[in-house]
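Structure, as structure tokens:
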Amino acid sequence: MKAEKETDRHPALTDRQLFGRVVYIGPTLRADGGIATVLRSYRDMLPAFRHIATNSRFGPLGSAVKMAALMVRLPLMKLAGGTDILHIHGATGKSWMRKSLIIRWGAFLGFKTVYHSHGGSMAEYSQRYGREKMGRTLRRCAAIATLSHYWRHFFSETFGHPNVAVINNVVERPADEELHTAAPRRMLPSENAPLRLLFLGAINEKKGIFDLVETIAAHAGDWRGRVILEVGGDGPMMTQLREMLKQRGIDEMIRLHGWISGSDKENLFKQCDAIVLPSYIEGMPISILEGMARAMPVIASNVGGIPEIVTDGVNGFIFAPGDTHALASAINAYLSTDGLLARHGAESLLRAEPFLPEAVIASLASLYRSL
């Protein structure tokens, strides 16, 4: 007799029941960064949400305790029943080392495991780690989730996994009245208000923040009083960034806010005209999606999944990483072209639709039902 399918045995599972059979595994929800942001969004939007943290804000010892507790907890959860799927969120480096252990242990215990890759440097990292070794772990997963079609193709082709799905990062769009009361987008280059650019991300070389600062410094003669960069982020190179601003004499053109969230971040979105991210590696940047959901045009490099959401000259400008001439040209275009910010921003808002909660919930539900 043909074996029953899971969907045959549970034909009427509601979304709440379906998501109640999933446990999300990833960083603590109090962490900074893109993965924690996604998991907090899941917590707020899903009909049921259970989460186990793999690290701690209290350093390596706290993280080791969290990992040990998780590994003990999983077989107990299996015995108790009610959990079918482990949805494991990770990146590269230490994150992958932790998640690879969980993937193997979860698969051994009989869970359906989904590995959700957020790492923009996975191609380079997998070569150093060993692609055959990584593939043996990934092929124990029931499915792999990626942030874009670019990364879906990479995992399918590189590791030969038969079930790789695109699950978009999720962003909330402000209420219509909030969009309408946000700071007006620049319409005419003769307006007195400066063009305000917003960078959100870690302060390191891979995010391209130093290219951005050098570009502003090189054009300070023309842009002083006309361009302001708001920087929301922190990282190991914050001291170097502060020193660079003093050396270039552009302190008044670039404002450093540190890591921001909540109402502070929302206020910056309202004050700024365009989101900028000249990064060297990316998965699918949350900061760009957040800007698009707030009707902002995008200035970004053409890496990872960015070309799937930004079309050059349509809802922003994209260019090769490190191409500071193209970066400057994009900024000049917004300074000199009537209504360009508004036109590109309106297109960004339309393109944000597949990343809103309703669409992402439907994608997750489809993936889980297929397992």
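The values are calculated or read from the model by the stated rules, or taken from the named source; none is laboratory data. Quick caveat: nothing in here was measured; it's all calculated off a predicted structure. Cβ atoms come from the backbone with ideal geometry, glycine included; neighbour counts cover every protein chain shown.
Structure data summary
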{"read-out": "In region 112-139, residue farthest from the chain's Cα centre (by Cα) [restricted to those that are over 27 Å from ARG369 (Cα atoms) and in a loop (DSSP other than H, G, I, E, B)]", "value": "GLY130"}
{"read-out": "Residues that are closer than 26 Å to VAL170 by Cα and surrounded by fewer than 20 Cβ atoms within 10 Å (Cβ to Cβ), drawn from region 96-109", "value": "MET97"}
{"read-out": "Unmet criterion (only one of (1) more than 17 Å from TRP96 (Cα to Cα); (2) in contact with a His (Cβ under 6 Å, 6 or more places away or on another chain)) for PRO162", "value": "(2)"}
{"read-out": "Some residue of region 291-301 being part of a helix (DSSP H, G or I), small (Gly, Ala, Ser) and either in contact (Cβ under 8 Å) with a residue 60 or more places away in the chain or more than 30 Å from VAL164 (Cα to Cα) (or both)", "value": "yes"}
{"read-out": "Filter result for SER279 (of a type outside the set (Asp, Glu), assigned to a helix (DSSP H, G or I) and modelled with pLDDT of 95 or more)", "value": "no"}
{"read-out": "Region 73-97, residues that are closer than 26 Å to ILE144 by Cβ, out of contact with any Leu (no Cβ under 9 Å at 6 or more places or on another chain) and part of a helix (DSSP H, G or I)", "value": "ARG73, LYS94, SER95, TRP96, MET97"}
{"read-out": "Filter result (among the β-branched types (Val, Ile, Thr) and in a loop (DSSP other than H, G, I, E, B)) within region 310-369", "value": "VAL310, THR311, VAL314, THR337"}
{"read-out": "When residues of region 335-358 are limited to those that are hydroxyl-bearing (Ser, Thr, Tyr) and over 20 Å from GLU290 (Cα atoms), the one surrounded by the most Cβ atoms within 10 Å (Cβ to Cβ)", "value": "THR337"}
{"read-out": "SER100, sole failed condition from (1) of a type in the set (Ser, Thr, Tyr); (2) touching a helix residue (DSSP H, G or I) at 6+ places or on another chain (Cβ under 6 Å); (3) at pLDDT below 95", "value": "(3)"}
{"read-out": "For LEU86: the one exception among (1) at pLDDT below 95; (2) in contact with a Gly (Cβ under 6 Å, 6 or more places away or on another chain)", "value": "(1)"}
{"read-out": "Checklist (1) within 24 Å of the chain's Cα centre (by Cα); (2) in a helix (DSSP H, G or I); (3) surrounded by 15 or more Cβ atoms within 10 Å (Cβ to Cβ) applied to LEU70, failing item", "value": "(1)"}
{"read-out": "All positions within region 39-48 that are crowded, with 16+ Cβ neighbours inside 10 Å and either under 21 Å from LEU76 (Cβ atoms) or touching a Gly at 6+ places or on another chain (Cβ under 8 Å) (or both)", "value": "LEU39"}
{"read-out": "Pair list, Cβ under 7 Å, 6 or more apart: region 199-213 residue touching a residue at least 40 places away in the same chain (Cβ under 8 Å), other residue assigned to a loop (DSSP other than H, G, I, E, B) and polar (S, T, N, Q)", "value": "LYS206/SER279; LYS207/SER279; GLY208/SER279"}
{"read-out": "Selection count where residues are of a type outside the set (Phe, Trp, Tyr), crowded, with 16+ Cβ neighbours inside 10 Å and under 14 Å from ALA165 (Cβ atoms), scope region 110-153", "value": "15"}
